[in-house]
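Beneath this line is the structure, given in structure tokens, with notes to follow.
The values are calculated or read from the model by the stated rules, or taken from the named source; none is laboratory data. Just so it is clear, the model here is predicted, and its values are computed rather than measured. Because the Cβ atoms are built from the backbone with ideal geometry, glycine has one as well, and the counts that use them run over all protein chains shown.
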Protein chains: 2
Amino acid sequence: MLTKKPVTGMRDMMPDEMEVRNYVLNTIRDVYTGYGFIQIETPVCEHLSNLMSKQGGDNEKLIFKILKRGKKLHLDTAETEEDVSDMGLRYDLTVPLCRYYSAHKEELPSPFKALQTGPVWRADRPQKGRFRQFVQYDIDILGEPSEIAEIELILAMTDVLDKLTFKDFTIRINDRRLLFAMAEYAGFPEDEYESVLITLDKMDKIGMDGVLAEWREKGYADSSIELFSNLLAQITRDQAGIEICRKALTGILDPAVCDSLNKIISVVGQVSRAKVDLVFDPTLVRGMGYYTGTIFEIAMSEAEVSVGGGGRYDKMVGKFTGQDVPACGFSIGFERIMMVLMEKGFVPPDQRMKKALLLDKKLDTEALIKVFGEAQEERSSGKTVNITNMKKNKRFQMETLSEQGYTDIQDIYSKGE
Amino acid sequence: MLTKKPVTGMRDMMPDEMEVRNYVLNTIRDVYTGYGFIQIETPVCEHLSNLMSKQGGDNEKLIFKILKRGKKLHLDTAETEEDVSDMGLRYDLTVPLCRYYSAHKEELPSPFKALQTGPVWRADRPQKGRFRQFVQYDIDILGEPSEIAEIELILAMTDVLDKLTFKDFTIRINDRRLLFAMAEYAGFPEDEYESVLITLDKMDKIGMDGVLAEWREKGYADSSIELFSNLLAQITRDQAGIEICRKALTGILDPAVCDSLNKIISVVGQVSRAKVDLVFDPTLVRGMGYYTGTIFEIAMSEAEVSVGGGGRYDKMVGKFTGQDVPACGFSIGFERIMMVLMEKGFVPPDQRMKKALLLDKKLDTEALIKVFGEAQEERSSGKTVNITNMKKNKRFQMETLSEQGYTDIQDIYSKGE
């Protein structure tokens, strides 16, 4: 007997959920198209060497690798996974986007406002609500160095959440350059900045005390730890906090970083039609190693965790072409949004009229021509018409159709009866 | 430097093509939904044991296999591909559908009219117009033994082709049971029927003379070859041909097969709004091993090859559950249809109004709030508004935007100028 269950950690989509997924995918595309984003697609398989180029952080440990084929596979002499594999399933859409842009940039508009959606794979330990195949929905702007990119991305995503009837969401924003300036100001060793920030990133989970304890464990100077935490304590989570940073970090931090953060917060705060709370958060780090500037993350009161995030990664295209290109992107946590919507019992609007015809099995060809002919007319006017044979347990059949939203159910008997 | 090209045999989708693909995908879904098909989805990864269960014919040789992970992988002792791999990328949507149906049938309507689309993978030798990742679009009816299933499937697909502005297509229809009856009538050895038909399937490529020669090479009796080819010569490609089979194969062929073919041809011929030529073709075999009854295939004058096909496979669900379930499906050749549309220069209807705003870089926050605020209004009324910084070579920038369909391009200068 063959195996009925899907493979470990991946799931089958039931029709009810698919209907909501389609609605959400179309809504997102519709909103993003309104901002001039254009859709592209890359293969789900990517060169293993691209996937393992240290752009993906911890995700590089979670790659599903694909076996080499034919004469390229030598199992007898194989020692490492790279000996038997040359491709992997993508773990995000950003690395493939930069490859794509590098290959096709002459044919693409500048700036290039890309829209992408599709599944990605991570061989995570399976757990509730977390799957090894999941959909991402990304927008990215390549070739735009100014904060217009950030404003467009953040406005577009608030618009999406608004259209999906979400209320009360908070966007936290920060800049990697500000974080590095804080580490420099505190006098941490330069080659430890990354490590200092990786600890800071755990704030949500272990609290400020936990962060301090981990810094001490790592053996950093008490003076540095004190300088950093004192500065952090002074910074308010608003535009005034940005000015505090500007002053405290004079000579270390490029003031353009502060100007840019101010502009983004002011414009989005004034313009977004969604009720969005856009706050400056000097503790926001975001794990992925590739960010170089602004970073942002959305949380909703309805979801326990972040439902999306992004930032600027000006150094990734250069890994493909040798020439850096300013880039900024935002990835929506599609599966998390779906989870909240399904738990809410969300029903997509504008369902079509559904009619079912239950046929007597004795209908002759002439009668069938009539039934199918009339159904074709109604279908072409936008109605769903489901033609099926009448079952012995017609009552149960009708109940089931009713549950599926069929409001008009008709029996078609042969003339003789 | 990282690799810019996509992996061998797979391709990047450019924005123009993506727009057409989206339109076609939505059109197909819209039509199929009108017939009461409901969408589901399965993971792209499938148990290798399911994929290699002899349901997939030659496709089983073309599977992309996924490397085992962690403690399950023992490269040092590995001898076969199955030692190092337990999953593969699906090569079609039918095997996963039967797994899905077996796992969830209690929660699904009966009959279950399934709609599925998504990429599938085959490690074919790369060649023009043929890719290793490609999209399939399938409809299947599970649990319906009568020809209502065939009629609904064929009507739905003719409707799709009609909506996509295709004219002049031919559907050939046959039944596996009729083919086996012909082989029995001619007196071929029973365990050679499959092989006899595999040769007949090459008719399109090698002609009747080629088929006869190959049968002789295989060492079949001259009397069998003569009986088969004489019968074939008598059978006209129309409903009269079905009656010739009924008479010639009396006692061998169940007459219900002829009744069913007649009903399908009559109803579809009368009802379809598309100009479809539905012909009985006693030489149609279709390669895949799993078909058990009706088989059909569409060709269009605009494409050199078949653009879709399907048939009845009543024995596949039983491989998962031990209990056979009547099943009939149709798979549209999505990539071939796309190729024809792109060659025709097809443009999707109903494009939205596109406006571009070119911003002076000196705009202050107040001016940006005004610009983005007004854009939000226009976006919410369905317009695309693309906001971008003005470039030094503004003339070129405007030309490019114009090529992308921006009919309204405005400069926004700061007040000072």
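Considering each of A:Val325, A:Val285, A:Val317 in turn, give the residue that is of a type in the set (Val, Ile, Thr) and within 19 Å of the chain's Cα centre (by Cα).
Values: A:Val325 fails: within 19 Å of the chain's Cα centre (by Cα); A:Val317 fails: within 19 Å of the chain's Cα centre (by Cα).
The unique qualifying residue is A:Val285.
Before we move on, is B:Glu152 part of a loop (DSSP other than H, G, I, E, B), closer than 23 Å to A:Thr365 by Cβ, in contact with a strand residue (DSSP E or B) (Cβ under 9 Å, 6 or more places away or on another chain) and facing another protein chain (nearest Cβ under 8 Å)? I'd like the intermediate steps shown before the answer.
Numbers: part of a loop (DSSP other than H, G, I, E, B): no; closer than 23 Å to A:Thr365 by Cβ: yes; in contact with a strand residue (DSSP E or B) (Cβ under 9 Å, 6 or more places away or on another chain): yes; facing another protein chain (nearest Cβ under 8 Å): yes.
No; evaluated as a whole, the condition is false for this residue.
Quick grid of which residues meet (1) in a strand (DSSP E or B); (2) touching a residue at least 24 places away in the same chain (Cβ under 8 Å):
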| position | (1), (2) |
| --- | --- |
| B:Arg99 | no, yes |
| B:His104 | no, no |
| B:Lys113 | yes, yes |
| B:Thr117 | yes, yes |
- [ ] Search the range A:17-39 for residues being aliphatic (A, V, I, L, M) and touching an Asp or Glu at 6+ places or on another chain (Cβ under 7 Å), and hand back the single one that is nearest to the other protein chains (Cβ to nearest Cβ).
- [x] A:Met18
- [ ] Taking only the range B:1-16 into account, find how many residues are within 7 Å of chain A (Cβ to nearest Cβ) and polar (S, T, N, Q).
- [x] 1
Task: Looking only at the range A:356-377, and only at residues there that are part of a strand (DSSP E or B) and at the interface with chain B (Cβ under 9 Å from one of its Cβ atoms), the one that is nearest to B:Arg29 (Cα to Cα) - done: A:Ala356
Task: Odd one out for B:Lys344 among (1) in contact (Cβ under 8 Å) with a residue 24 or more places away in the chain; (2) more than 40 Å from the chain's Cα centre (by Cα) - done: (2)
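So in the range A:126-138, with the set limited to residues that are basic (Lys, Arg) and either without any contact (Cβ under 8 Å) to a residue 60 or more places away in the chain or outside any loop (DSSP other than H, G, I, E, B) (or both), which one is farthest from the other protein chains (Cβ to nearest Cβ)?
Of the range A:126-138, the ones basic (Lys, Arg) are A:128, A:130, A:132.
Keeping just the survivors that are either without any contact (Cβ under 8 Å) to a residue 60 or more places away in the chain or outside any loop (DSSP other than H, G, I, E, B) (or both) gives A:128, A:130.
Values: A:Lys128: 17, A:Arg130: 14 Å.
Here the residue is A:Lys128.
Is it the case, given these coordinates, that B:Ile369 is more than 20 Å from A:Leu108 (Cβ to Cβ), in the same structural domain as B:Tyr23 (by TED's automatic domain parsing) and not hydroxyl-bearing (Ser, Thr, Tyr)? Show your work before the answer.
Numbers: more than 20 Å from A:Leu108 (Cβ to Cβ): yes; in the same structural domain as B:Tyr23 (by TED's automatic domain parsing): no; not hydroxyl-bearing (Ser, Thr, Tyr): yes.
Taking the combined requirement at face value, the residue does not satisfy it.
Test A:Leu261 against the stated conditions and say whether it is buried (at least 17 other Cβ atoms within 10 Å of the Cβ), modelled with pLDDT of 95 or more and not assigned by TED's automatic domain parsing to the domain that holds A:Gly207. Break it down stepwise before answering.
On the way: buried (at least 17 other Cβ atoms within 10 Å of the Cβ): yes; modelled with pLDDT of 95 or more: yes; not assigned by TED's automatic domain parsing to the domain that holds A:Gly207: no.
No.
For (1) part of a strand (DSSP E or B); (2) farther than 23 Å from A:Pro119 by Cβ, each residue gets a yes or a no:
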| site | (1), (2) |
| --- | --- |
| B:Tyr23 | no, no |
| B:Val31 | no, yes |
| B:Leu75 | no, yes |
| B:Gly88 | yes, no |
| B:Val95 | no, no |
- [ ] Among the numbered conditions (1) out of contact with any Phe, Trp or Tyr (no Cβ under 8 Å at 6 or more places or on another chain); (2) of a type in the set (S, T, N, Q); (3) surrounded by 14 or more Cβ atoms within 10 Å (Cβ to Cβ), tell me where B:Asn386 comes up short.
- [x] (1)
Open item on the list: Which of the numbered conditions does A:Phe180 fail, given that it passes all the others? Conditions: (1) over 30 Å from B:Val371 (Cα atoms); (2) among the hydrophobic types (A, V, I, L, M, F, W, C); (3) crowded, with 22+ Cβ neighbours inside 10 Å.
Closed with: (3)
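Which of the residues spanning the range B:53-94 are aliphatic (A, V, I, L, M) and surrounded by 19 or more Cβ atoms within 10 Å (Cβ to Cβ)?
Filtering the range B:53-94 down to residues aliphatic (A, V, I, L, M) leaves B:62-63, B:66-67, B:73, B:75, B:78, B:84, B:87, B:89, B:93.
Answer for the range B:53-94, where residues must be aliphatic (A, V, I, L, M) and surrounded by 19 or more Cβ atoms within 10 Å (Cβ to Cβ): B:Ile63, B:Ile66, B:Leu67, B:Val84, B:Met87, B:Leu89, B:Leu93.
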Task: Boolean, B:Val7 is out of contact with any Ser or Thr (no Cβ under 9 Å at 6 or more places or on another chain) and either crowded, with 21+ Cβ neighbours inside 10 Å or not in a helix (DSSP H, G or I) (or both) - done: yes
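Quick one: count up the residues across the range B:105-121 that are of a type in the set (A, V, I, L, M), facing chain A (nearest Cβ under 10 Å) and under 30 Å from B:Gly9 (Cα atoms).
To start, the set of residues in the range B:105-121 that are of a type in the set (A, V, I, L, M) comprises B:108, B:114-115, B:120.
Right, trim to facing chain A (nearest Cβ under 10 Å) and you get B:108, B:114-115.
Add one more test, that the residue is under 30 Å from B:Gly9 (Cα atoms), and what stays is B:114-115.
Selection size over the range B:105-121: 2.
Looking at B:Ser260, B:Ser266, can you tell me which residue is within 14 Å of another protein chain (Cβ to nearest Cβ) and in contact (Cβ under 8 Å) with a residue 40 or more places away in the chain? Explain how you work it out, then say what you get.
On the way: B:Ser266 fails: in contact (Cβ under 8 Å) with a residue 40 or more places away in the chain.
Of B:Ser260, B:Ser266, the one residue that is within 14 Å of another protein chain (Cβ to nearest Cβ) and in contact (Cβ under 8 Å) with a residue 40 or more places away in the chain is B:Ser260.
Out of all the residues in the range B:46-63, is one or more among the hydroxyl-bearing types (Ser, Thr, Tyr) and under 22 Å from the mean Cα position of the chain (by Cα)? Even if it seems obvious, please write down each step before you answer.
Initial filter on the range B:46-63 (among the hydroxyl-bearing types (Ser, Thr, Tyr)): B:49, B:53.
From what is left, the residues that are under 22 Å from the mean Cα position of the chain (by Cα) are B:53.
Yes, there is a match, as at least one residue in the range B:46-63 is among the hydroxyl-bearing types (Ser, Thr, Tyr) and under 22 Å from the mean Cα position of the chain (by Cα).
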Open item on the list: If I ask for residues that are within 48 Å of the chain's Cα centre (by Cα) and without any contact (Cβ under 8 Å) to a residue 24 or more places away in the chain, which ones from the range A:350-367 would you list?
Closed with: A:Asp350
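Condition check: among the basic types (Lys, Arg) and surrounded by 15 or more Cβ atoms within 10 Å (Cβ to Cβ). Does A:Lys344 satisfy that? Even if it seems obvious, please write down each step before you answer.
Values: among the basic types (Lys, Arg): yes; surrounded by 15 or more Cβ atoms within 10 Å (Cβ to Cβ): no.
Answer is no for this residue.
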Task: Tabulated pairs, the range A:68-96, first more than 8 Å from chain B (Cβ to nearest Cβ), second among the small types (Gly, Ala, Ser), C-beta under 7 angstrom, 6+ apart or interchain - done: A:Lys68/A:Ser85; A:Tyr91/A:Gly56; A:Asp92/A:Gly56; A:Leu93/A:Gly118; A:Thr94/A:Gly329; A:Val95/A:Gly56
Open item on the list: Go through the range B:378-396 and report how many residues are at the interface with chain A (Cβ under 7 Å from one of its Cβ atoms), assigned to a helix (DSSP H, G or I) and over 39 Å from the mean Cα position of the chain (by Cα).
Closed with: 0
- [ ] Within the range B:235-257, identify whether any single residue is away from chain A (no Cβ under 14 Å), at pLDDT 95 or above, closer than 30 Å to B:Leu51 by Cβ and not in a loop (DSSP other than H, G, I, E, B), and answer yes or no.
- [x] no
Task: Residues of the range A:33-50 satisfying the condition of being closer than 20 Å to A:Leu142 by Cβ and either of a type in the set (A, V, I, L, M) or assigned to a helix (DSSP H, G or I) (or both) - done: A:Thr33, A:Ile38, A:Ile40, A:Asn50
Task: Filter result (of a type in the set (Gly, Ala, Ser) and closer than 21 Å to A:Tyr101 by Cβ) within the range A:310-349 - done: A:Gly310, A:Gly311, A:Gly318, A:Gly322, A:Ala327, A:Gly329, A:Ser331
Open item on the list: Tell me the residue from A:Ser49, A:Ser102 that is surrounded by 21 or more Cβ atoms within 10 Å (Cβ to Cβ), at the interface with chain B (Cβ under 7 Å from one of its Cβ atoms) and polar (S, T, N, Q), please.
Closed with: A:Ser102
Task: Of all residues making up the range B:291-323, the number that are surrounded by fewer than 21 Cβ atoms within 10 Å (Cβ to Cβ) and among the hydroxyl-bearing types (Ser, Thr, Tyr) - done: 4
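Kindly evaluate A:Asp159 against the criterion of being closer than 26 Å to B:Lys361 by Cα, within 17 Å of the chain's Cα centre (by Cα), of a type in the set (Asp, Glu) and not in a loop (DSSP other than H, G, I, E, B). Lay out the reasoning, then the answer.
Working: closer than 26 Å to B:Lys361 by Cα: yes; within 17 Å of the chain's Cα centre (by Cα): yes; of a type in the set (Asp, Glu): yes; not in a loop (DSSP other than H, G, I, E, B): yes.
Taking the combined requirement at face value, the residue satisfies it.
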